[in-house]
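Some notes on the structure that comes next.
The values are calculated or read from the model by the stated rules, or taken from the named source; none is laboratory data. Just so it is clear, the model here is predicted, and its values are computed rather than measured. Cβ: placed from backbone, ideal geometry, glycine included. Neighbour counts: every protein chain shown. Please note that ligands, DNA and RNA were not included when accessible areas were found on the heavy atoms of the full protein model with its side chains. Shrake-Rupley method; radii C 1.70, N 1.55, O 1.52, S 1.80 Å.
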Amino acid sequence: MVELAGTVALAYLGALLAGLSGVRRPVARVALALPLGVAVYVVTLLVLLVVGVPVPPVVALGLPIGALTVVVARRRPDQLGWGLGAAAVYGLMMVAVRLLAFPRVSPDSFRYVEAGAILRDSRSLDDLTGPLALTRQFTYPAIQALAAPGSYVRTFSALALVSAVAIVLVAARDALGDAMPPPAISLLVVAAVLTPNRAAYHALYINGHTLFAALLAIVTAAAWIAWKRPEAAGRWWLAASLATAALVPLRPEAVLVAGFALLPWVLAPAVPLAWRRAPMVALGATTILWYGGGPLRLELAAGRDPDTSVVLAVVLGAATLVATAIAPLWWLPWSLLRRVVVAGSLAGTLVLAVLRTDEVLASVRATVENLTGAGYWGWFWPATAVLLALAWHRRPDAWGILVWPIATFPVLGLAVAIARDAPYRVGAGDSFSRMLVHLLPVVALAFLARFEQPVDPGGKGPGSGAAPQRVGAGDAPPGPVH
C-alpha cells in the first residue's frame, strides 16, 4: 500500500504541474505525470535536506502536492480531475506490474535501497558516506525512500519506461502534427526499439536507468520541438527544466549528458530567451545544490579531500549560471557551437586517451564486445548506427537535433570511463552497456521523426518545410535555422 500511495501521489503531482504548464491533451499529461512528479518531489526533498530541515520524504512529497492542489483548485478546479485520472492510470499499472512480474536486482540495487533507507530513517544527508553519495547519487534513493521500512519500490522502472514511450509519441505528435506517421508505423517503430533483451530487463531492474531514459527523452524532445515547431515550445520549457533538475543528481554522468542534450534548446532562435534560459538555470543550480550541499560538504565535514569530479561538477554548475547572464552566448549560431563542442570534446578525449592509452583501449575493446553479443544487446546498436547513417540522406528539417544526443553519447561515455579511473568491462552489467538504455526513447523518436509524412507545401502544417516562426518576445532577432 505504501508503494501504491507513493506512485499515485507522484503521478497526481506531475499531472497537475503539466496542466499548469499548458499541457492540455490527456495522453500528454499522463505521459509527463510520473517524471514531472518525481522531479518536483526530488528537488523539494533535496533543498530541505541541504538547508538542514530534517523532514521525512513523505512530507517533502506532500508539501508540493498540497500547494499545487490549492493553486489549481482556485484557478482551474476542473483540472483536479485530470490529476486524479493520471494517478489512477499509474496506480493500475503499478498493481499490474506487481502481479505479473518479479523485479531484477543486483548489488547496485541494494545500495540504492540502502541509500533510500538512510534518507527515510535519518532524514539527513549526513549519513550518506562519500562513495554511497557519489555512486548512488540522490534521485533514485529519494524514490526508494518512499517505500515502507524494510521494503523497496519494485515497480518504478517499468512505469518509467511506459512513461518514456508515451513521451516519444506525445512529442512526435506535438512536433509533426498532420505529418505524423500512421499509427501502425509509430507502433512498429516503438516496438522495434523496445525489443532488445536489455529493454525488457531494465523494465524490471531496481535501478534508475529507465527514469534517466524518460527524463532525457523530455529534454531531447523539447529541443527538437523548439526547432521543428517552436509555437509548441511553451508546453515544454517547464518540463525540460524539471527533467534537467531531476537528471543532475540521478547518475554521475548526468550533468554532462543533460548539458549536451540542452544545447540545441538553448540556441533555438525562435523561442523566447526566458524559456531557453530556464533549463540551463536548473542545470547550474541543481548541480551546485547537490554536489556542493551533498558530496562536497560531506567530504569536507569528514576531513577528507573531496573527489576531483565533485569539485569539477561544482565549478561546472557555477560556470553554467554565469553563462546564463552573458547575452551574446544565447545568439550564437547552432551550427557554429555544434562544431566547437564536437571538436573540443574530441580533442579533450584524445588528449586523455594519449595519457591513459591502456584504459581507453580496454574500454573500447569491452564496449565492442558488449555491443556485438556479450552485453546481451545482440547487434541492436551496430544496426541502429547503420540505419541512422542511411537515414541522414534527405533527412527532414531539424532531424539532426534528435541525432545529436545519440552521436555525442560515445564521446561522453569514454570521458566518464577516463574520469572514473576504471575501464569498462565485458558483460551485461558494464556501466556503459547499461547507460545505453538511456538512449532507447531518443532512438525511437529519431526513427519515428524520419517517417514524417509529406503535407501540402502551401499549407501551414508543421511538416510543410517552412522555417520556424519566432514565438513571443526576445532580446534579439532570430538567427537562421540549421
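May I ask you to list the residues in region 234-283 that are surrounded by 24 or more Cβ atoms within 10 Å (Cβ to Cβ) and touching an Asp or Glu at 6+ places or on another chain (Cβ under 9 Å)?
Once the filter is applied, which keeps residues that are surrounded by 24 or more Cβ atoms within 10 Å (Cβ to Cβ) and touching an Asp or Glu at 6+ places or on another chain (Cβ under 9 Å), region 234-283 yields only Trp236.
Since Ala200 meets every condition but one in (1) crowded, with 23+ Cβ neighbours inside 10 Å; (2) without any contact (Cβ under 8 Å) to a residue 60 or more places away in the chain; (3) over 26 Å from Ile418 (Cα atoms), which condition does it not meet?
Single failed check for Ala200: (1).
Restricting the first residue to region 414-428 and requiring it to be open to solvent by 40 Å² or more (accessible area, probe 1.4 Å), which pairs with a second residue that is acidic (Asp, Glu) meet a Cβ separation below 9 Å and a spacing of at least six or different chains?
As it stands, the answer is Ala419/Glu253; Asp421/Glu359; Pro423/Asp358; Pro423/Glu359; Val426/Glu369, since those pairs meet every condition given.
All but one of (1) surrounded by fewer than 16 Cβ atoms within 10 Å (Cβ to Cβ); (2) in contact with a Phe, Trp or Tyr (Cβ under 9 Å, 6 or more places away or on another chain); (3) in contact (Cβ under 8 Å) with a residue 60 or more places away in the chain hold for Leu346; which doesn't?
Against the list (1) surrounded by fewer than 16 Cβ atoms within 10 Å (Cβ to Cβ); (2) in contact with a Phe, Trp or Tyr (Cβ under 9 Å, 6 or more places away or on another chain); (3) in contact (Cβ under 8 Å) with a residue 60 or more places away in the chain, Leu346 comes up short only on (2).
Run Ala222 past the list (1) part of a helix (DSSP H, G or I); (2) within 25 Å of Pro141 (Cα to Cα); (3) of a type in the set (A, V, I, L, M, F, W, C); (4) open to solvent by less than 10 Å² (accessible area, probe 1.4 Å) and report the number of the one that doesn't hold.
(2)
Within region 142-175, can you find the residues that are farther than 21 Å from Leu204 by Cβ and within 15 Å of the chain's Cα centre (by Cα)?
Ala171
Does region 161-176 include one or more residues that are open to solvent by less than 10 Å² (accessible area, probe 1.4 Å), more than 20 Å from Ala87 (Cα to Cα) and outside any helix (DSSP H, G or I)?
no
Taking into account only those residues within region 177-197 that are within 21 Å of Pro454 (Cβ to Cβ) and in contact with a Phe, Trp or Tyr (Cβ under 6 Å, 6 or more places away or on another chain), which is surrounded by the fewest Cβ atoms within 10 Å (Cβ to Cβ)?
By that ranking, first place goes to Ile185.
Could you list all residues from region 383-420 that are in a helix (DSSP H, G or I) and not hydrophobic (A, V, I, L, M, F, W, C)?
Of region 383-420, the ones in a helix (DSSP H, G or I) are 383-391, 399-419.
Those that are in a helix (DSSP H, G or I) and not hydrophobic (A, V, I, L, M, F, W, C): Thr384, Gly400, Pro405, Thr408, Pro410, Gly413.
Hey, does region 357-375 have a residue that's farther than 18 Å from Thr220 by Cα, in a loop (DSSP other than H, G, I, E, B), open to solvent by less than 80 Å² (accessible area, probe 1.4 Å) and modelled with pLDDT under 90?
no
Mind checking whether some residue in region 392-399 is within 23 Å of the chain's Cα centre (by Cα), modelled with pLDDT of 90 or more, open to solvent by less than 50 Å² (accessible area, probe 1.4 Å) and small (Gly, Ala, Ser)?
Yes: one or more hits.
When you go through (1) at pLDDT 95 or above; (2) over 22 Å from Leu100 (Cα atoms); (3) of a type outside the set (Phe, Trp, Tyr) one by one for Val162, which number turns out not to apply?
(2)
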